[in-house]
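The values are calculated or read from the model by the stated rules, or taken from the named source; none is laboratory data. Predicted, not measured: the structure shown is a model, and the values here were computed from it. FYI the Cβ positions are ideal-geometry reconstructions off the backbone, even for glycines, and counts take in every protein chain you see. Surface areas here come from the heavy atoms of the whole protein model, side chains and all, with no ligands, DNA or RNA. Shrake-Rupley method; radii C 1.70, N 1.55, O 1.52, S 1.80 Å.
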Amino acid sequence: MQEDAAANPRLRLVYDGECPMCRRYVRWQRIRKEVGELELIDARQESEARRELTASGIDLDQGFALQIGERWYHGSEALHRLTLLGTRSGVFNRAMYRLFASQQRTERLYPLLKACRNGLLSLLGIDKIRNVKPRR
């Protein structure tokens, strides 16, 4: 049993379930079968993962979070790592790999993606997640 856990570490993705762009991304993203099962968690719902991220000061309004094993990745780093776990099958997954397999490219593009998400939420009248309190 211990070997199985090491071969397939815990994989959880915490994303904004009210963002149409985010929902579509998680619906189309496919990870390789040998990597394991990816648990999808809506950041707007109360969950163990959301509590853990909030306690760690990870702001879900600044990007989604990916847990691999015991470690959390956030924002551009989460997108890059999720891309590396993904399949190369299908137009969407091939395009995501071409765009985000490079960590440097992902870091450059992520602010644009975040701005698009924030603009879309604003246009749709959807509030921020606000899982962490702003520092004063």
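Kindly establish whether S89 is at pLDDT below 95, farther than 18 Å from L11 by Cβ, out of contact with any Ser or Thr (no Cβ under 8 Å at 6 or more places or on another chain) and open to solvent by 30 Å² or more (accessible area, probe 1.4 Å).
Working: at pLDDT below 95: yes; farther than 18 Å from L11 by Cβ: yes; out of contact with any Ser or Thr (no Cβ under 8 Å at 6 or more places or on another chain): yes; open to solvent by 30 Å² or more (accessible area, probe 1.4 Å): yes.
Spelling it out, S89 is indeed at pLDDT below 95, farther than 18 Å from L11 by Cβ, out of contact with any Ser or Thr (no Cβ under 8 Å at 6 or more places or on another chain) and open to solvent by 30 Å² or more (accessible area, probe 1.4 Å).
From (1) within 20 Å of A95 (Cβ to Cβ); (2) open to solvent by 20 Å² or more (accessible area, probe 1.4 Å), pick out the condition that doesn't hold for L13.
Result: L13 fails condition (2) only.
Tell me, yes or no, whether segment 57-69 has at least one residue that is open to solvent by 20 Å² or more (accessible area, probe 1.4 Å) and within 21 Å of W28 (Cα to Cα). Reasoning before the result, please.
Looking only at segment 57-69, we keep the residues that are open to solvent by 20 Å² or more (accessible area, probe 1.4 Å), and these are 57-59, 62, 64, 68.
This time we only want the ones that are within 21 Å of W28 (Cα to Cα), so: 64, 68.
There is at least one residue in segment 57-69 that is open to solvent by 20 Å² or more (accessible area, probe 1.4 Å) and within 21 Å of W28 (Cα to Cα).
Consider segment 110-136. How many of its residues are farther than 18 Å from A65 by Cβ and of a type outside the set (V, I, T)?
Of segment 110-136, the ones farther than 18 Å from A65 by Cβ are 112, 115-116, 119-120, 122-127, 134-136.
Now narrow it down to the ones that are of a type outside the set (V, I, T): 112, 115-116, 119-120, 122-125, 127, 134-136.
Going through segment 110-136 one residue at a time, the tally reaches 13.
Taking segment 42-56 as the search range and keeping residues that are out of contact with any helix residue (DSSP H, G or I) (no Cβ under 8 Å at 6 or more places or on another chain) and closer than 18 Å to D127 by Cα, which one is most open to solvent (accessible area, probe 1.4 Å)?
Among them, the one singled out is E46.
Within segment 120-136, which residues are surrounded by 10 or more Cβ atoms within 10 Å (Cβ to Cβ) and in a helix (DSSP H, G or I)? Outline the logic, then answer.
Kept after step one, since they are surrounded by 10 or more Cβ atoms within 10 Å (Cβ to Cβ), are these residues of segment 120-136: 120-122, 124, 126-132.
L120, L121, S122, L124 - these are the residues of segment 120-136 that are surrounded by 10 or more Cβ atoms within 10 Å (Cβ to Cβ) and in a helix (DSSP H, G or I).
Taking only segment 93-119 into account, find how many residues are open to solvent by less than 50 Å² (accessible area, probe 1.4 Å) and over 16 Å from the mean Cα position of the chain (by Cα). Can you show your working first?
Keep residues of segment 93-119 that are open to solvent by less than 50 Å² (accessible area, probe 1.4 Å), which gives 93, 95-96, 100-102, 106, 110, 117, 119.
From what's left, over 16 Å from the mean Cα position of the chain (by Cα): 95, 102, 119.
So the answer is 3.
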